[in-house]
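K.L.:
Sharing a structure with you now.
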Amino acid sequence: MAAPVRIIFLGGLGEIGRNCMVVEQNDRLLIIDCGLMFPNADMHGIDLVLPDFTWLRANSDRIEACVATHGHEDHVGGLQFLLRELSFPIYGSPLTLGLARNRIEEAGLLGKTEFVNIVDNERRKIGPFDVEFIPVTHSVPQAHAIALHTPQGVIVHSGDFKIDLTPVDDRRTDLARLGALAAGDGIRLLMLDSTNAEERGSAPSERTVGVVLRQLFAEHKSQRIITASFASHIHRVQQIAEAAIDAGRVVATLGRSMNNNMRLARDLGLLKLPDKSIVDIEEIDDYPPEKVCVISTGSQGEPMAALSLLARGESKFVKVGPQDTVIFSSHAIPGNEGNVNRVIDGLLRAGAEVVHSGIADVHATGHAQAEDLKTYLSITEPEWFVPIHGEYHHMVANAHLARVMGVPQSRIVLCEDGDVIEITDDGIERTDRVPAGMLYVDGIVGDVGQGVLRDRKVLSEEGVVVVVVTVDVAAGKVLVGPEVITRGWVYAPEAEDLIDEACLAVSKAVEHALSNGTRDVDALEKEVRRAAGKFVSERTKRRPMIVPIVMEM
Ligand SMILES: [Zn+2]
Ligand SMILES: [Zn+2]
């Protein structure tokens, strides 16, 4: 009997974001990716969401390393938090590590880790793990799939990928190597990216965007052009810059992450642009508008990003107006549509023309679509299948594709965050559950729980009513108040009568309790909450947060 291998899913199975899993072999642990997730609209005041680190913390002495598939924040953005508590080396491509490094350095945690560069198709031993890094095409360069050669056979983690036969850097997803693995000992388990499993057909090549961009530059010869895209999408930036330079423009970058990433990518030789065509954003007014292209961050409408400031007329560097065409070379991540539309409205009001993916094909996805996934399945012919990276419906759609491609239903395991699977000679089984709740970050990690979020939801939707009453406990009578202070319940100056009535209702309840012999402050506060809550609900049909404060004299 070969030794079992276990996989612990900590994030990314059930949501888009915070991708994180752990492979356990010979009692040692290998983390694959540790990402963050951006909050949705009902996570009030939350900056970002992380995987639950409870299990990793409890098993910290067994962690061998982390391997990072690529440099997107949903895959490496959690490392700067995990490294506050733990210490381990990180393996990945130079760009993946360069992108991860920025945040880890900002957090002052470089001493907690070591960055180990790997090259395409490298196979290396990391403790007991035999790890192979297979090149894949994605919306950030130098991304990898991971093949683990384990006592239980080859386990393939697809990473985020697309099948683009003409990628900008000619670095294709290495289907030949995957096929060789399948034809060799076979692939025991495939864990496959589900993001676009519901999208029919195949993902278009990134190069198709370059063609559209060139057309747009030709059609807007007399305009200044401002583009917005993800700062890590180096190939998109390359295509924008090439279109601009070929049209006789200089290029300037706007936004801190765009500046950082362009410098990083140029240092690594991944972004090839002539120095003379790149100017500082402060110098663009030295050129006529039609000779300038600004490459900006903020394509998701992030309120503090460069493009939002520009749309609000608050940018120090660029004043947007009728001379401008703004191209959103991106697609709004679900949840960001509102913010993106606000930015578009701001730009239009300022007189600019706006081109987005609803108007022209100025964006191509970085994830394989249904037909691509089928191709991948037909090449890898996995014995077992676990869909990963997606909301539940994405993973179900991916499982369906696997079935269509001949993986028997009994060998498809639908897992969610917190599930543990064990791979033995007999097959794969879900064996355990570990903590995998959301870890909410607001400023400093760890102090925001479900309770705090529930409070914030009530406060934001219903407001708060604070009732203060001072009692003489010994004498059993009310000395001062009740006084009602409210925010977000009713507009106080116009609701004086209502507030007076509320005071009366609470006053009666407190006096009643006191006359019944209640002397305990906690019990009196409960009485205040009950009376105020009943009054508020009956008279206004609202449920604000009620905060009772009983003071003793
Ligand atoms: Zn991802
Ligand atoms: Zn990605």
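The values are calculated or read from the model by the stated rules, or taken from the named source; none is laboratory data. Not measured: the values here are computed from a predicted model. So basically every Cβ, Gly included, is an ideal-geometry build from the backbone, and we count neighbours across all protein chains shown. Note: accessible area is taken over every heavy atom of the protein model, side chains too, but ligands, DNA and RNA are not part of it. Shrake-Rupley method; radii C 1.70, N 1.55, O 1.52, S 1.80 Å.
K.L.:
To the nearest Å, what is the center-to-center distance of the range 106-142 and the range 49-84, using C-alpha atoms only?
P.N.:
So the two Cα centres are separated by 14 Å.
K.L.:
How large, in percent, is the carbon and sulfur part of the accessible surface of the range 1-130 at a probe radius of 1.4 Å? Please list the in-between numbers first.
P.N.:
Numbers: 2110 of 4560 Å².
Exposed carbon and sulfur together represent 46 percent of the surface.
K.L.:
Return the carbon/sulfur percentage of the accessible area of the range 365-480, one whole number, probe 1.4 Å, all protein chains in place.
P.N.:
Numbers: 2580 of 5190 Å².
For the range 365-480, the apolar C and S fraction of the accessible surface comes to 50 percent.
K.L.:
Collect residues whose amide H, placed 1.01 Å from N in the peptide plane, falls under 5 Å from the amide H of LYS477; neighbours closer than 5 in sequence don't count.
P.N.:
ASP472
K.L.:
Where does helix 521-540 land angle-wise versus the long Cα axis of the chain, in degrees 0 to 90, nearest 10?
P.N.:
80
K.L.:
In terms of modelled amide H atoms, which long-range or inter-chain residues lie less than 5 Å from the amide H of VAL326?
P.N.:
Amide H neighbours of VAL326, under 5 Å, 5+ apart: ILE226, GLU353, VAL354, VAL355.
K.L.:
Additional query: What do you reckon, how do MET438, MET262, MET545 stack up by accessible area (1.4 Å probe), largest on top?
P.N.:
Numbers: MET438 70, MET262 10, MET545 40 Å².
Largest accessible area first, the list is MET438, MET545, MET262.
K.L.:
I need the peptides 410-418, 362-370, 122-130 ranked by packing, meaning the mean over residues of other C-beta atoms within 10 angstrom, with the highest value on top.
P.N.:
So the order, starting with the most tightly packed, is 362-370, 410-418, 122-130.
K.L.:
Moving on. Would you mind telling me the share, in percent, of accessible area of the range 181-282 contributed by carbon and sulfur at probe 1.4 angstrom?
P.N.:
Working: 2020 of 4300 Å².
Solvent-exposed carbon and sulfur of the range 181-282 make up 47 percent of the total.
K.L.:
Count the net charge of all other residues whose Cβ sits under 11 Å from the Cβ of HIS400, scoring Lys and Arg as +1 and Asp and Glu as -1.
P.N.:
Values: positive: LYS374, ARG403; negative: GLU198.
For residues surrounding HIS400, the net value is +1.
K.L.:
With a 1.4 Å probe and all protein chains kept in place, how much accessible area does ARG207 have, in Å² rounded to the nearest 10?
P.N.:
Solvent-accessible area, nearest 10 Å²: 100 Å².
K.L.:
Sticking with this one: Can you give me the long-range amide H partners of ILE187? Hydrogens built in the peptide plane at 1.01 Å from N, cutoff under 5 Å, separation of 5 or more residues or another chain.
P.N.:
Close amide H contacts, sequence-distant or interchain: GLU383.
K.L.:
Okay, next question. Can you work out the Karplus-derived ³J(HN,Hα) for every residue in the range 392-397? Use 6.51 cos²θ - 1.76 cosθ + 1.60 with θ = phi - 60°, whole Hz, and x for glycine or proline.
P.N.:
4, 5, 5, 5, 5, 4
K.L.:
Now a separate question. Which whole-number percent is the relative contact order of the chain (Cα, under 8 Å, 6+ apart)? Walk me through the numbers before you get to the answer.
P.N.:
Working: 1233 pairs, mean separation 85.1, N = 553.
Computed value for the chain: 15 percent relative contact order.
K.L.:
Sort 137-143, 241-247 by packing, meaning the average of other beta carbons within 10 Å per residue, with the highest value first. All intermediate terms of the calculation are to be shown ahead of the outcome.
P.N.:
On the way: 137-143: 26.7, 241-247: 20.1.
Ranked from most to least packed, the peptides come out as 137-143, 241-247.
K.L.:
Considering only protein heavy atoms, what per residue accessible area in square angstrom results for the chain with a 1.4 angstrom probe? Walk me through the numbers on the way to the answer.
P.N.:
On the way: 23710 Å² over 553 residues.
Ligands and nucleic acids excluded, the result is 43 Å² per residue.
K.L.:
Sort 472-482, 30-40, 192-202, 513-523 by the packing proxy (mean of other Cβ within 10 Å over each peptide's residues), most packed first. Could the numbers behind the result be given before it?
P.N.:
Numbers: 472-482: 14.7, 30-40: 23.7, 192-202: 21.1, 513-523: 13.2.
Result, highest mean Cβ count within 10 Å first: 30-40, 192-202, 472-482, 513-523.
K.L.:
If you rank THR540, THR96 by how much accessible surface each has, with a 1.4 Å probe, what is the order from largest down? It would help to have the intermediate numbers written out before the result.
P.N.:
Numbers: THR540 30, THR96 0 Å².
Most to least solvent-accessible, the answer reads THR540, THR96.
K.L.:
In deg cm²/dmol and to the nearest 500, what is the mean residue ellipticity at 222 nm of the chain if only DSSP H runs of at least 4 residues count, each as -39500 (n - 2.57), divided by the residue total?
P.N.:
On the way: 15 runs with 172 residues, N = 553.
So the calculated ellipticity at 222 nm is -9500 deg cm²/dmol.
K.L.:
From the backbone phi of the range 255-270, what are the Karplus-calculated ³J(HN,Hα) couplings (6.51 cos²θ - 1.76 cosθ + 1.60, θ = phi - 60°) in whole Hz, Gly and Pro given as x?
P.N.:
x, 4, 5, 5, 4, 4, 5, 5, 5, 4, 5, 6, 4, 7, x, 8
K.L.:
Something else: Kirkwood Rh, the chain, all Cα pairs: how many Å?
P.N.:
26.4
K.L.:
Give me the extension gain from ASP246 to SER60: residue separation times 0.36 nm, minus the current Cα-Cα distance, reported in nm with one decimal. Kindly include the intermediate steps, with their values, before the conclusion.
P.N.:
Details: separation 186, 0.36 × 186 = 66.96 nm, distance 5.27 nm.
61.7 nm is the gain from fully extending ASP246 to SER60.
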